[in-house]
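Q: Sharing a structure below in structure tokens format, with a few things to ask.
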Amino acid sequence: MDTLITHSSILIIAIPLLTAFLTPLIGMASKKARNTLLIVSLAFVAFLVFALARDISINGIHIYTLGAASPDLTAPKGFIVPVRIILEVDGMSILMGIIWSIVSLAAAIFSLSHIASETGQNRFYTLLLLMVTGGFGMMFTGDLFNLFVFLEIASISGAALIAFRTKFADTQEGGFKYIVVSAIASLMVLFAIGLLYAQYNLLNIGALAQAIQYTTPDKIALALLVIAFAMKLGAIPLHMWVPDSYAVAPAGISAMLVVSSQVSMYALFRVCFTLFGVTLNMYTVGWIVIILGMLSMFIGVTMAIPQTDIKRLMSYHAISQSGYMLLGVGVGLAVLGDPNALATYGREAMSGGIFHIINHAMYKGLLFLTAGALFYRVGHRDLNRMGGLGHKMKLTSIFFIIGALSIAGIPPFNGFASKFMIYESVYQFNPILSAIAMLVSLITLASFVKAFQSAFTGPPLPEYKEVKEAPKSMLIGMGILAAAIVFFSVFPGLIVHHIVDPATNALINQGAYVNGIMGGTP
Amino acid sequence: MIESPSGFWGPVAWIITAVVALLIVHFIRRRGEKAHKNGVQSETFLMGNPRLPEGETHIRAHNIYWGFFEALRKYYDHTVTAHTGIINDYIVWFIAVIAIVIIILFVAGGI
């Protein structure tokens, strides 16, 4: 078991990568064997993630140096800086890993039925596994250039998955927009990395963090990185590709795209807190993040409420909910230089924002899957043409209610727990921000009341007389996320103390991340 | 349980309270009008008009919250118009925001 834990970080990336290339080969022989391989590999990866999380909670940051005699030997003999590919997994990385492993497993199980009638399923699962690889790589890498490489892997596979159902014209448009936006954002990330490399001759995040000076090119690099990741996470006004892409992707992929966007948010936080940390103008950058968050929250929700395409409505809510995370963590960043404010409310705001990342991944993933179940049965996403489906799709209705109440922040659901932390702590920073966040929550509730009323309530419509409940694998996929929501709702303290607080500490404590790499150099 | 500067959030306590409240509501409801019968008494009164087919009684999504949209028409005129769906515009926003952030970082200066 110890050997497994030692190599777990690379295995978590390598297993889906290897399975991605095995999938089409096995799929040619047997669909059942391919599906089994897919689920078993993702379940094993989830097991490794949880085992690694336990190890990190006991032993601290996990370092894995590829090609070294010992995984914790970060710099080769005779070198004073790390030059090898290094994975560095701390509390924040593993939190994202937990989210990614749960959602990708649920999405894969859901997709077994959801895309069962489509052609090219081998390619679909290959791309899905490549996207999983890209996501884990972004979370675990300790190297800026590899961050770019994994960002590219996740983006390219994501675009292909959005455009997977070629029989629909809008999927091609959605995939095209996603790849253009992703390519430009990635290009800016690469340019920023180039600016940093040209000055410091380093690519390792920990080593760079130790050397960075906040020079003029550094400021340009910071702006490029922050806004490129803000574009990838769908912060307003850089969000317009989100509804175009999320709405047309297969539902399982929409759920994964939500987390993929959150991985970009993780990269944004990593850049601000770990790479630049105390060297940057924290108050200014914190307020930039807060403003992006406030715009995302308010414009996202007000654009969601008029939508009549159920997945576009949910996509705008995904933007809006990202605003809460940016607000919470942005407040933490703004007061990072003020120990009193950080202790009084900054840390709580950050924990609220980070807790909201997990909660959002679960309930928005679930909501997208319920929308996918509706699409699977009625053949469209138009709320104007839906109605009375609760009579036929009782379990899907229950899953929708769980997701909707959670996103609206209704007690006792997990969405309330994280919003509660954000409201209370942000209020001490600026009461107006907190009041707007509460208003947004009310409009979110109104929006999901509309969606539920339109799709599920009312008399059974004659055109949906033959509609049945979603297939079993889709219900299992939704059930996994619903169970996670219920667990997080009933035991929020457990999650906050064991998963969220270590993630907050990992962001705040830049020195621990730097020492994780530089402590091992001769 | 989550503790905050001004209180705490305990979902288990909330759930127990909600269950007790629901039991009280159920108890009161059971003591209600015994003579009530399902059927004609529970049907919607439609002022003598013939009952519409079921599909036509369902309120569709685009009819919901029309007053809200009417009140915020000016806001929506601007925000909806800004969402052109044209990818060139998305990139223009991207470049504009990068430019603004670079200017802010330079004006704000160091730590």
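Here, each number is a calculation from the coordinates, and none is a lab measurement. The model shown is predicted, which means the values in this text are computed figures rather than measured ones. A quick note on method: Cβ atoms are made from the backbone with ideal geometry, for glycine too, and the neighbour counts reach across all protein chains shown.
Q: Net charge near A:Gln321, counting Lys/Arg +1 and Asp/Glu -1 over other residues with Cβ under 12 Å of its Cβ?
A: Local net charge: +2.
Q: Within segment A:454-522, which GluC sites (Glu not before Pro) sit in a loop by DSSP and count at most 12 neighbouring Cβ atoms inside 10 Å?
A: Taking segment A:454-522 and a limit of 12 other Cβ atoms within 10 Å, the loop GluC sites (Glu not before Pro) found are A:Glu466.
Q: Suppose every K and R has +1 on its Cβ and every D and E has -1 on its Cβ; what is the size of the dipole of the protein assembly as shown about the Cα centre, in Debye to the nearest 20?
A: Value, rounded to 20: 1600 debye.
Q: Give the calculated FRET efficiency between B:Thr79 and A:Lys77 to the nearest 0.05, with a Förster radius of 60 Å applied to their Cβ-Cβ distance.
A: Between B:Thr79 and A:Lys77 the formula returns 0.50.
Q: Please identify the trypsin sites (Lys or Arg not before Pro) of segment A:465-520 that satisfy two criteria: DSSP loop assignment and at most 11 other Cβ atoms within 10 Å. Which are they? Don't skip to the answer; put the middle values down first.
A: Working: sites: A:Lys465, A:Lys468, A:Lys472; in loops: A:Lys465, A:Lys468.
Hits after loop and neighbour filter: A:Lys465, A:Lys468.
Q: Within chain B, which is the longest segment that contains none of the GluC sites (Glu not before Pro) sitting in a DSSP loop with at most 15 other Cβ atoms within 10 Å?
A: B:44-111
Q: Follow-up question, since we're still on this one. Taking θ as phi - 60°, what are the ³J(HN,Hα) couplings along segment A:365-379 by the Karplus curve (6.51, -1.76, 1.60), each to the nearest whole Hz, with x for Gly and Pro?
A: Taking θ as phi minus 60°, the curve returns x, 4, 5, 5, 5, 5, 5, x, 5, 5, 4, 4, 8, 9, x Hz for segment A:365-379.
Q: Please give every one of the lysines within straight-line cross-link reach of A:Lys364, meaning a C-alpha to C-alpha distance under 21 Å, and leave out same-chain neighbours fewer than 8 residues apart.
A: A:Lys232, A:Lys311, A:Lys394, A:Lys419, A:Lys450, A:Lys472
Q: May I ask you to sort B:His58, B:His78 by Cβ crowding, counting other Cβ atoms within 10 Å and putting the fewest first?
A: Listing B:His58, B:His78 from fewest to most nearby Cβ atoms yields B:His78, B:His58.
Q: Any chance you could check the Cα centroid distance between segment A:441-458 and segment A:105-183 for me, in angstrom?
A: Cα centroid of segment A:441-458 versus Cα centroid of segment A:105-183: 30 Å apart.
Q: When only DSSP loop residues count, what trypsin sites (Lys or Arg not before Pro) in segment B:3-33 have their Cβ near at most 13 other Cβ atoms within 10 Å?
A: In loop regions of segment B:3-33 (DSSP not H, G, I, E or B), the sparsely surrounded trypsin sites (Lys or Arg not before Pro) are B:Arg31.
Q: Could you name the aspartates and glutamates whose alpha carbon sits less than 20 Å from that of A:Lys465, not counting residues in the same chain fewer than 8 places away?
A: Hits, sequence-local ones excluded: A:Asp382, B:Glu54, B:Glu56.
Q: What is the dipole size for segment A:289-490, taken about its Cα centre, with +1 at each Lys and Arg Cβ and -1 at each Asp and Glu Cβ, in debye to the nearest 20?
A: Approximately 640 debye in magnitude.
Q: Can you put A:Ile436, A:Ile109 in order, fewest other beta carbons within 10 Å first?
A: Fewest-to-most ranking of A:Ile436, A:Ile109: A:Ile436, A:Ile109.
Q: Taking neighbour counts of Cβ atoms within 10 Å as a proxy for exposure, in what order, fewest first, do A:Met438, A:Met393, A:Met294, A:Met139 appear?
A: Fewest-to-most ranking of A:Met438, A:Met393, A:Met294, A:Met139: A:Met438, A:Met294, A:Met393, A:Met139.
Q: Report ³J(HN,Hα) in whole Hz for each residue of segment A:467-479, in order, from the Karplus equation J = 6.51 cos²θ - 1.76 cosθ + 1.60 where θ = phi - 60°; Gly and Pro get x.
A: With coefficients 6.51, -1.76 and 1.60, one gets 5, 10, 4, 4, x, 4, 5, 5, 5, 5, x, 5, x Hz.
Q: Given the DSSP H assignment, sum -39500 (n - 2.57) over each helix run of at least 4 residues in chain A and divide by its residue total; what's the result at 222 nm in deg cm²/dmol, nearest 500?
A: -24500 deg cm²/dmol
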